[in-house]
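A.B. asks: Have a look at the structure that comes next, please.
What follows draws every value from the coordinates through simple rules; no lab data is involved. Since we're looking at a predicted model, the values are computed, not measured. Heads up, the Cβs are rebuilt from the backbone with ideal geometry, glycines too, and the neighbour counts pull from every protein chain shown.
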Amino acid sequence: MTRHPHTRTTRRRVVGALAAGLLCTAGLAAPAVAAPAQAPVSPALADGQALTPPMGFNNWNSTNCRAEFNESMVEGIADIFVNKGLKAAGYQYVNLDDCWALPSRDADGKLVPDPVRFPHGIKAVADYVHSKGLKLGIYTSAGTKTCNDAGFPGGLGHEYSDAQQFADWGVDYLKYDNCNNQGVDAKLRYNTMRDALKATGRPIVFSICEWGENKPWEWAADVGHLWRTTGDISDNWGSMLSILKQNLPLAPYAGPGHWNDPDMLEVGNGGMTDTEYRSHFSMWSIMAAPLLIGSDLRTATAATFDILDNKEVIAVDQDPLGKQGTVVSSEGGRWVVAKEMKDGSRTVALFNESGSAQRIATTAAAVGLPNAHAYTLRDLWQHKSYNTAGAISATVPAHGTVLVRVSADRHALKNPPAVELGLDSAPLVQAATPAPLTTTVTDLGRTTAERVSVTLTGPAGWKVRAKSSTTAKAVRTGKSLRTKWTVTAPSGTPTGSYDLTLKASYRSPTGARVTNSLPFTASVVVAPPSGTSYLGDLPWMSTANGYGPVERNTSNGESAAGDGHPITLGGVVYARGLGVHAESDVEYYTGKSCEKVTADVGVDDEKGANGTVAFEIWADGTKVASTGVLTNAMPAQPVTADVTGAQVVRLVVTDGGDGIDSDHADWADAQLTC
């Protein structure tokens, strides 16, 4: 679905009941997400195309319909593919999205390229792209007009003419959107274009972009080569997370020539951290999703290229077996997703959706590997190999992913033992007051880690002191070096998150010196005041939000701080509260001194009839209150939670199981009693 300025707030929800029924709520302890053992899909198109997920570029996420989307830009992207090594890494398609055409067809009913944007026409651009050994993609809609507000010509009723035009131009890939479809049955519209493309005789990859509205995974395997499973992605953590959860249960429907498409990559567009972008890229790869770069590569950072060009991660996505990864476990925001590889290995993602570091663990047996004396564990982001006795675990930073490839390997012991660095919990530090912290260095390997030493460093001016041993002559399989520390922030340190790094150094039995590190954050906090306070007036520890920042005492404005409106639920205006957008998570330090949280909650009236959310309150790791799914039609719901003894209270809003479109949620009159 091509976006335009109001898409994210006005389009209706598009996720099928299958995804809603199979997903566990964010942060909620639940069994692993399940999916049907056998998916009732039609045979895939037998044309030899898209045998691995398509890889390439699409301009929409970075340029939309702005004037900079033009012939020069598209040809420049092709040059960058070659010059920066992206072509060598497997990226192939350079795709044009909406706004490439004039608003009207010519007298013969043909599409006309915009002569300002594309003065030499689309065929000339295709020829240039082909000269680089790449392929060109184009866009239109399975309706009378495309999705842009200007309403460029769509393909409905012109399928055979448009398909032939695309073939004559040398187009290799068609993204076929769903706007202005006049109510015509989706299967009919997409089947017609499939047949029209086939009639041209030119191989053209067919991307079905009907947003998952009609569950295309159930019927489109012999219609297109890939199909969107969700609404549009946006460049923020909440959007990416929501789409990930919708796409994960659909693994049985994917395979060579027919792929689930959770939308384009946002890596490098600036709305997420590099840690979050690595998670985005890791999870899209383990889901065997198409990898279509959505950032402007002309201005991309080195970090962006490092992510997009990680050939070991790309190899996971492009594995010829064509299996989409499946969920092994999901509890408390700790996800284990495993993907079977053609060589018999398993790629395993340890994905942490929460806002603080968490230990995530599984085993070789749990991810489907046979029993073996030892296994080789390859870290695909660190590009290092280790041996493990069967444990697969790591302390994963907030919103981070550890991606490993594990194999039963008789040569595993030539690698050093895998060592897990951990901590009892992310420290909560009051300025000028020493905070305790315990770290661990645990040998996961079949062999012994020898001459182990550990260091902990913090920001400039912080005092970090070891209170117990930082060395060990040897740490054997399953054993740990535990070190106690105190961490002190200088007086006057503002509240917020601060980076620390735990490093461990050890020798393997072969004599090689190995160094591992674990970055994590400490939160500088202040004790809450006694009495009853409005949460909109108190400092929070951290926030995550589906669109824009969390707002104090206004609704969510989606873009910048302070752009919200008065909080309004069921016609009642509230002067105080929090305005959020699912998926959202707001953390407060309560220091074991508070007893109760109260609020009136619901979907803000500004969304009209749209919006479906669920509210949760967590005290440390325990959910202590929840509302179930609320819609805009419901009046404000009172919620009260007992948070006695909790160090941290979290206010969580999930998407209700059907995506985050229009999910403006209010914690009206939210109060904390201490």
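A.B. asks: Amide H neighbours of LYS384 under 5 Å, at least 5 residues apart or on other chains, H built in the peptide plane: list them.
C.D. replies: Here ASP379 satisfy the definition.
A.B. asks: For the chain, what does -39500 (n - 2.57) per DSSP helix run (n ≥ 4), summed and divided by total residues, give at 222 nm, in deg cm²/dmol to the nearest 500?
C.D. replies: Helix-only estimate at 222 nm: -4500 deg cm²/dmol.
A.B. asks: Right, something else. If one takes the longest principal axis of the Cα atoms in the chain, at what angle in degrees, from 0 to 90 and to the nearest 10, does the Cα axis of helix 274-286 lie?
C.D. replies: That works out to roughly 60 degrees.
A.B. asks: Right, next: Could you work out how far helix 121-131 tilts from the main Cα principal axis of the chain, as a 0 to 90 degree angle to the nearest 10?
C.D. replies: That helix lies at roughly 60 degrees to the long axis.
A.B. asks: Return the tail of the calculated pair distribution for the stretch 175-300, meaning the percent of Cα-Cα pairs more than 27 Å apart.
C.D. replies: 22 percent
A.B. asks: Once phi is turned into ³J(HN,Hα) by the Karplus curve 6.51 cos²θ - 1.76 cosθ + 1.60 with θ = phi - 60°, what whole-Hz value does each residue of the stretch 258-273 show in order, with x for glycine and proline?
C.D. replies: 3J(HN,Hα) across the stretch 258-273, in whole Hz: 8, 10, 6, 10, x, 5, 6, 7, 9, 3, x, 7, x, x, 10, 7.
A.B. asks: Once both labels are modelled 7 Å past Cα along the beta-carbon direction, what's the ARG202-SER468 spacing in nm?
C.D. replies: Going by the 7 Å Cα→Cβ label model, 6.9 nm.
A.B. asks: Which of LYS414/LYS467; LYS198/LYS245; LYS245/LYS484; LYS84/LYS187; LYS342/LYS414; LYS215/LYS384 have a Cα-Cα distance over 29 Å?
C.D. replies: LYS414/LYS467; LYS198/LYS245; LYS245/LYS484; LYS84/LYS187; LYS215/LYS384, as the Cα separations exceed 29 Å there.
A.B. asks: What order do you get for 436-446, 647-657 when each peptide is scored by the mean count of other beta carbon atoms within 10 Å, highest first?
C.D. replies: 647-657, 436-446
A.B. asks: Answer with one residue from ALA432, ASN387, GLY137: the one whose Cα lies farthest towards the positive end of the charge dipole of the chain, charges on Cβ with Lys, Arg +1 and Asp, Glu -1.
C.D. replies: About the Cα centre, the residue reaching furthest to the positive side is ASN387.
A.B. asks: I've got another one for you. Based on the alpha-carbon gyration tensor of the stretch 52-322, what equivalent-ellipsoid semi-axes (square roots of 5 times the eigenvalues) come out, in whole Å, largest first?
C.D. replies: Taking √(5λ) for each Cα gyration eigenvalue gives 27, 22, 17 Å.
A.B. asks: Eigenvalues of the Cα gyration tensor times 5, then square-rooted: what semi-axes does that give for the stretch 532-673, in whole angstrom, largest first?
C.D. replies: 22, 15, 14
A.B. asks: What's the angle, to the nearest 10 degrees (0 to 90), between helix 237-247's Cα axis and the longest principal axis of the chain?
C.D. replies: Its long axis makes an angle of about 70 degrees.
A.B. asks: Treating only the Cβ atoms of Lys and Arg (+1) and Asp and Glu (-1) as charged, compute the dipole magnitude of the chain about its Cα centre; round to the nearest 20 debye.
C.D. replies: Charge dipole, the chain, about its Cα centre: 2960 debye, nearest 20.
A.B. asks: Further question: Measuring from label point to label point, each 7 Å out along Cα→Cβ, what is the SER626 to LEU428 span in nm?
C.D. replies: 2.3 nm
A.B. asks: Mind checking which aspartates and glutamates have their Cα closer than 18 Å to the Cα of LYS123? Skip sequence neighbours fewer than 8 apart in that chain.
C.D. replies: GLU71, GLU75, ASP79, ASP97, ASP98, ASP106, ASP114, ASP162, ASP168, ASP172
A.B. asks: Let me ask you something else. Each residue of the stretch 315-323 in turn: what ³J(HN,Hα) in whole Hz from Karplus with 6.51, -1.76, 1.60 and θ = phi - 60°, glycine and Pro shown as x?
C.D. replies: Karplus-based 3J(HN,Hα) across the stretch 315-323 equals 4, 5, 4, 8, 4, x, 4, x, 8 Hz.
A.B. asks: Then there is this: Under the 0.36 nm per residue contour assumption, what length would be gained going from the current alpha-carbon distance of ASN180 and GLN647 to full extension?
C.D. replies: 163.0 nm is the gain from fully extending ASN180 to GLN647.
A.B. asks: Short version: ³J(HN,Hα) in whole Hz for each residue of the stretch 524-529, in order, from phi by Karplus 6.51 cos²θ - 1.76 cosθ + 1.60 (θ = phi - 60°), x for Gly and Pro, what are they?
C.D. replies: Taking θ as phi minus 60°, the curve returns 7, 10, 10, 5, x, x Hz for the stretch 524-529.
A.B. asks: Let me ask something else about it. Given Cβ point charges of +1 (Lys, Arg) and -1 (Asp, Glu) and nothing else, what value in debye, to the nearest 20, does the dipole of the stretch 533-639 about its Cα centre take?
C.D. replies: It works out to roughly 240 debye.
A.B. asks: Here's another thing I want to ask about it. Once every Cα of the stretch 416-526 carries one equal point scatterer and solvent is ignored, give the base-10 log of I(q)/I(0) from the Debye formula at q = 0.14, 0.15, 0.20 Å⁻¹, two decimals.
C.D. replies: Computed log10 I(q)/I(0) values: -0.55, -0.62, -0.94.
A.B. asks: Hey, can you grab everything whose amide H is under 5 Å from the amide H of GLU210? Only 5+ residues off in sequence or another chain; H modelled, so Pro and N-termini drop out.
C.D. replies: For GLU210, whose amide H was placed from the backbone, the distant partners under 5 Å are ARG228.
A.B. asks: Would you grab the residues whose amide H sits under 5 Å from the one on TRP259? Only those 5+ places off in sequence or on another chain, please, with H modelled 1.01 Å from N.
C.D. replies: LEU226, TRP227
A.B. asks: Still on this structure, I have one more. Could you give the size of the charge dipole of the stretch 325-414 about its Cα centre, using +1 on the Cβ of each K and R and -1 on the Cβ of each D and E, expressed in debye and rounded to the nearest 20?
C.D. replies: Charge dipole, the stretch 325-414, about its Cα centre: 240 debye, nearest 20.
A.B. asks: Tell me which of PRO417, THR644, VAL316 sits at the most positive position along the dipole axis of the chain, charges placed on C-beta atoms (Lys, Arg +1; Asp, Glu -1).
C.D. replies: Of the candidates, PRO417 comes out farthest on the positive side.
A.B. asks: Here is a further query. Would you work out which of GLY325, PRO529, THR200 lies farthest towards the positive end of the dipole of the chain, given +1 charges on the beta-carbon of Lys and Arg and -1 on that of Asp and Glu, about the Cα centre?
C.D. replies: GLY325
A.B. asks: Rounded to a whole number of µm²/s, how large is the Stokes-Einstein D of the stretch 371-437 at 37 °C and 0.692 mPa s, given Rh as the Kirkwood radius over C-alpha pairs?
C.D. replies: 236 µm²/s
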